[in-house]
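See below for the structure under consideration.
The values are calculated or read from the model by the stated rules, or taken from the named source; none is laboratory data. Model, not experiment: these values are computed from the prediction. Glycine gets a Cβ as well: all are built from the backbone with ideal geometry, and neighbour counts include every protein chain shown. These accessible areas exclude ligands, DNA and RNA; they are computed on the full protein's heavy atoms, side chains included. Shrake-Rupley method; radii C 1.70, N 1.55, O 1.52, S 1.80 Å.
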Amino acid sequence: MLIRTFEHEPFEGPANIEAWAAKRGHTMVRTFLHAGDALPQAPDYDMLVVMGGGMSVHDELQFPWMREEKECLKQAVARGRSVLGVCLGAQMLSEALGGFVTPGLHREIGWHPVRLTPWAAGSPAFAGLPKSFMGFHWHGETFSIPRGATLLAESDACAHQAFAVGAKLVGVQFHFETTLASMEQFLAGAGDDLGQGGYVQTAEQMREGAALHMAALEAMLFRLLDNMAREI
């Protein structure tokens, strides 16, 4: 199948999503919105992956391409394409489905536990995922759960960590796609976000966490994407 990405920052690429696509024999076309790439005029893909970014969904004046991107996302939903939203991408998907995005109670950066909700047991998107795991986070805002979607995951710092509509539309606030290289890109590109906060780790803590949790995170991402691919 054909997978298209919408990317908002040079340091927030698809990472292990691209690795999964290569291993499964899928084609990926990357759209670098931060570099001025044009958006497709119509959904020319089977799956759309909307990545994260340091901007807010409300920053349309600062990033004029964002309004057109939101229209593309609504088209993808309306035409039945599969969509995975990651961090900012999940917030944009929530908004496209009628939800809203607000500042979170806490900034959450680094490795922190994620728990599946009771409703996740019946989710085709999260089938086979463990009930709790360590996720990699880098966010300060949060999404509401749009009408028709199911809340699938939560954390101590953020009550809304994941939602889905079946297995075709999935939003995750944390970064399932993280690799050691992509984590280092975060640190280089957004290191100014680090500082005080009960849920903000240091770079050293993140690197220690990566050694412990990265392999498990990759396995869970591959399971999620395999679940989504079955619906295409």
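Simple spin-label model, 7 Å along Cα-to-Cβ: residue 192 to residue 115 in nm?
3.6
Would you please classify the overall shape of the stretch 1-87 from the alpha carbon gyration tensor, given that a ≥ b ≥ c denote the square roots of the eigenvalues, rounded means a/c under 1.5, and beyond that prolate means a/b larger than b/c while oblate covers the rest?
oblate
Shape of the stretch 155-217 from its Cα gyration tensor (a ≥ b ≥ c, root eigenvalues): rounded if a/c is under 1.5, otherwise prolate when a/b > b/c, or oblate?
The shape class here is prolate.
Taking 7 Å along the Cα-to-C-beta vector as the label spot, tell me the residue 19-residue 67 distance in nanometres, rounded to one decimal.
In this crude label model, residue 19 to residue 67 measures out at 4.0 nm.
Hey, which lysines would be in cross-link range of residue 23, C-alpha to C-alpha under 25 Å, not counting anything within fewer than 8 residues on its own chain?
168
Which three numbers, in whole Å and largest first, are the semi-axes of the equivalent ellipsoid of the stretch 103-213 derived from its Cα gyration tensor as √(5λ)?
25, 15, 12
Give the calculated FRET efficiency between residue 30 and residue 132 to the nearest 0.05, with a Förster radius of 41 Å applied to their Cβ-Cβ distance.
0.80
Got a number for carbon plus sulfur as a percent of the stretch 118-232's accessible area, 1.4 Å probe?
52
When the chain is modelled as a GNM with alpha-carbon springs shorter than 10 Å, which of 213, 139, 160 fluctuates the most?
In this elastic network of the chain, the residue with the biggest mean-square fluctuation among 213, 139, 160 is 213.
Roll a 1.4 angstrom probe over the protein heavy atoms and tell me the percent of accessible area of the stretch 1-70 that is carbon or sulfur.
51
So what are the three principal axis dimensions of the stretch 100-168 from its Cα atoms, in whole Å, longest to shortest?
Computed over the stretch 100-168, the largest-to-smallest principal extents equal 29, 26, 18 Å.
What number comes out for accessible area per residue over the stretch 1-50 if the probe is 1.4 Å? Units Å², please.
With all protein chains present, the stretch 1-50 gives 40 Å² per residue.
Using a/c under 1.5 as the rounded threshold, could you call the stretch 44-144 rounded, prolate or oblate? The axes a ≥ b ≥ c are square roots of the C-alpha gyration tensor eigenvalues, and prolate needs a/b larger than b/c, oblate otherwise.
It comes out oblate by the Cα gyration axes.
Contact order normalised by length for the chain, with contacts defined as Cα pairs under 8 Å and 6 or more residues apart; what percent is it?
21 percent.
Based on DSSP H runs of at least 4 residues, each adding -39500 (n - 2.57), what is the mean residue ellipticity at 222 nm of the chain after dividing by all its residues, to the nearest 500 deg cm²/dmol?
Rounded to the nearest 500, it is -9500 deg cm²/dmol.
Please provide three numbers in whole Å: the alpha-carbon extents of the stretch 41-96 along the principal axes, with the largest listed first.
Here the Cα extents, ordered largest to smallest, are 29, 21, 15 Å.
Semi-axes, largest first, in whole Å: what does sqrt of 5 times each Cα gyration tensor eigenvalue give for the chain?
Taking √(5λ) for each Cα gyration eigenvalue gives 24, 20, 18 Å.
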